[in-house]
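Right, one structure below, let's go through it.
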Amino acid sequence: NFFQLFVRDVINDYIDGVVSLLGKCPDTKPPMSGFVDFRDLFLDPDDALASGGSGDAPYGNVIPWIMDIIDDQLFSADESGQLSVNELMVRPLTKSQSGIEGSLHFNGTLIDLNKRQVTRKIWTSFADNLRLRLSDLHLSGLDSMRVPTEILSPKSSSAHTLENKISIGVTENVSITDNSDSLRASFGFELLVGGENSPLAMNNLMDLELIVPSLDILAMLRATVEVDRLMKFPLKDITNVDCWISTLWSSKNSGIESDAGVAIEYLNMVLDDGMMVNASCISCTNQMLNQFNSVLSFLEDQEWISNIRSRAILIGSQLARGEWVQGMIAKQIDSSSRRCPHLNFENSMPLAQKYQKFETTREMVDGVLYGGMTLVQVIAIVMAQKHTGVDLPPPVDIVVSGADKTELIDLTDLGSILSWGDMVLDEARTYLGGVVESKRGEQVLGITNLLQSLILDDDGLLKIPIIDKGFIAGGVELSLYNVTLVGLDSFAKFEVLKTSGPQAFGNIIRLDKLGVTLRMGLSVEDPNTEQLRRLNTNKLETITVSLIFKDVEIDTSVMLALDRELMRSMKLGSILSIDNISSCLFSTIHAIGIQKLVMTLGNIDEFSIAGFVSAATQQEIDDFTAAVFTNYKPMIIESLPAFTATVVRPLLNNVLQYFMEKAKREGGACREPDESLTGIVDFRDLFLSQSKSVALLGSGLPKYGDLFRVLHSFIDDVISATNDLGQSNINDLIISKLTDNQSNSTGALFFPGKLFGQEFDIALNGLNA
């Protein structure tokens, strides 16, 4: 027919003519060295030339043509500034995923940090298992992309830099809660602390929502793409992601300019209208979390959320621009080069190549310290809300089971163990709780005088050296110096060991001040600061964290069941070292428990950090603490009695049970006396300090322990202290009480009856008399 005979032949002749005119597919240009100039790759020749490129279209005109289509079709804006990409791509894609335009829903677990079983026995005193889980992520408002938005935009100042800016949300200030175009993220947050006997046990599942009206993400990406790899890229691998990644050249390869590779030169997130956080309980064992939004409002008023957000953005930006992330990128490029089919193996560097380890910066550590100091106070607020208004529970009745009462020591009758036991205990209570004159001439309680004589320094502080010297990791060096207990020279009341039953006693202790101070040395190897120079001279900056209470009273009662036979069989040599006394005593305990523990405060005097942090961070922490004290200090103080009674007391009981069980294990925890000691006791080494012993030609070694040395030092201090008459204080402290107890006359001893008598016969020359 006509089409078969004429039209077909005409079309074939036309096709042959076109093919003959165009010729065959041209070969690629000779190999080109160096890296792709993004101005020539993405821009039209005129625009490329104006931006500093060659303008010769060395990479062809297809990619600029595609970029123009993308800009015209996807990134054109309507009158409100919203981009057409929202309608053409975002809404269809998000609806296909979640069923809702502009929203994504990722059901299931996102992050699950689950410690199913705590292995170390002592930590089971606090919890048997822990879990922190983030799940069920909802993102909405994704279809609100607006101007200005730029993707892969070359910069005139650099051939290898691409500028990216994404703007999402509204274009003007609006109410966060009333605007549906705001970017929103919500997720489930679960915190589980498990344990049948743990007072910290909880299972809180909350829904957290973050609302951001306006978000601008800015990123400057520097990338070096090999021209030869790009131009010779085979179409058969056009869908292979590894091959596209391999066109980037890692800075770890030798022979290439030092700044080659991929780097994030700048990264920032701008939230012009701030961010709002909402929280609601889905299932919470702590019902006060239903009121957590009031705490969030307080945190927003103190700009805590914005401070945390800005610090997180800063840390994220530093990480992205740091050598650690660049090393991971280089490693990924290397791995992709090995997986790309058309690349030779030798073109990639060895996998043994060492990449940069994680290194922190001073700003990161500064942010962590800010977050830690403020987060502790937020936790204190939440715990205070839970325990405010809670009635104090009655003392717990701890039953002693599995032991014959006759096998236990009767604390109300210590004379059955030692004839002078009750007298010594009474005298100890009287001295420790009574007013005496210290060696400084001050009227203090006996316990204060004892502590000043034995363990406190001239400022009344007890400094405990820290054996653990910290760590060095990620460029951070942390050294723990000491823990200092404050206020042990301010006892106002000390009534202890007041027996209320055969195996129970109560204690009431009151101090004008009580606190703790932790001193650490901290250094960060940050080459961008002067800190590196300080690190090279081995100088650590001192950082001090302090918590000080005022007018502290502790009311506690303890049940203590001591095994009579185990106590009597204990060897003196086992307890001559003070460090061994507690373990030896635990080995004789049949049962122990705190029946009552109530702590009250008059005031929280100080919670502070000093050293290392910047002046701005120091001020932010101080301002936050001042706001917490103003708004929540009364509530925290009010809740402390219930918190100590319902949380601290069970925790301490669990810890006591751990140590008691540890002492009962095979071999026990009470050390046997040193069998290598033979011969006669050297009193110089038994009673005197090392220096005094050596001065008197002793060995100075603590081979008999330190108990007698401490007692001798205390007694020496007591004897050397005198009253206004020049008489030793031992007269009032010991002799007067002992003599009065014996004879009812201070300073006198009375022994009625015959002191000495003997009858005998004298035989003299047979005469007996």
Which one of these does Asp605 not meet: (1) touching a Lys or Arg at 6+ places or on another chain (Cβ under 9 Å); (2) open to solvent by less than 30 Å² (accessible area, probe 1.4 Å); (3) not polar (S, T, N, Q); (4) not in a helix (DSSP H, G or I)? (2)
Being touching a helix residue (DSSP H, G or I) at 6+ places or on another chain (Cβ under 8 Å) and open to solvent by 60 Å² or more (accessible area, probe 1.4 Å) is true for just one of Ser156, Ser84, Ser54, Ser144. Which residue is that? Ser156
Residue in the stretch 627-635 that is part of a helix (DSSP H, G or I), free of Cβ contacts under 8 Å to residues at least 60 places away in the same chain, open to solvent by 50 Å² or more (accessible area, probe 1.4 Å) and of a type in the set (Val, Ile, Thr) present: yes
Do we find a residue being touching a helix residue (DSSP H, G or I) at 6+ places or on another chain (Cβ under 9 Å), modelled with pLDDT of 80 or more and farther than 30 Å from Asn290 by Cβ anywhere in the stretch 371-383? no
Residue check: is Val19 modelled with pLDDT of 90 or more and part of a helix (DSSP H, G or I)? no
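Residues in the stretch 267-284: is at least one over 15 Å from Ile333 (Cα atoms), open to solvent by 70 Å² or more (accessible area, probe 1.4 Å) and at pLDDT 85 or above? Write out each step before concluding.
Filtering the stretch 267-284 for residues over 15 Å from Ile333 (Cα atoms) gives 267-284.
Next, from what is left, pick out any that are open to solvent by 70 Å² or more (accessible area, probe 1.4 Å): 269, 272, 282.
Pick out the ones that are also at pLDDT 85 or above and you get 269, 282.
Checked against the condition, which is being over 15 Å from Ile333 (Cα atoms), open to solvent by 70 Å² or more (accessible area, probe 1.4 Å) and at pLDDT 85 or above, the stretch 267-284 yields at least one hit.
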Does Asp422 meet the test of being under 26 Å from Gly506 (Cβ atoms) and not aliphatic (A, V, I, L, M)? yes
With respect to Gly573, is the statement that it is touching a residue at least 24 places away in the same chain (Cβ under 8 Å) and in contact with a strand residue (DSSP E or B) (Cβ under 7 Å, 6 or more places away or on another chain) true? no
From the list Gln353, Gln332, pick out the single residue that is part of a helix (DSSP H, G or I) and either buried (at least 17 other Cβ atoms within 10 Å of the Cβ) or at pLDDT below 85 (or both). Gln332
If I filter the stretch 459-490 down to residues being part of a loop (DSSP other than H, G, I, E, B) and at pLDDT 85 or above, which single residue comes out as most open to solvent (accessible area, probe 1.4 Å)? Asp459
Among the residues of the stretch 694-733, count how many are of a type in the set (Phe, Trp, Tyr) and in a helix (DSSP H, G or I). 2
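The values are calculated or read from the model by the stated rules, or taken from the named source; none is laboratory data. Since this is a predicted model, take the numbers as computed values, not measurements. Please note: Cβ atoms are built from the backbone with ideal geometry, for glycine as well, and neighbour counts cover all protein chains shown. Areas reflect the complete protein model, heavy atoms only, side chains present, ligands, DNA and RNA absent. Shrake-Rupley method; radii C 1.70, N 1.55, O 1.52, S 1.80 Å.
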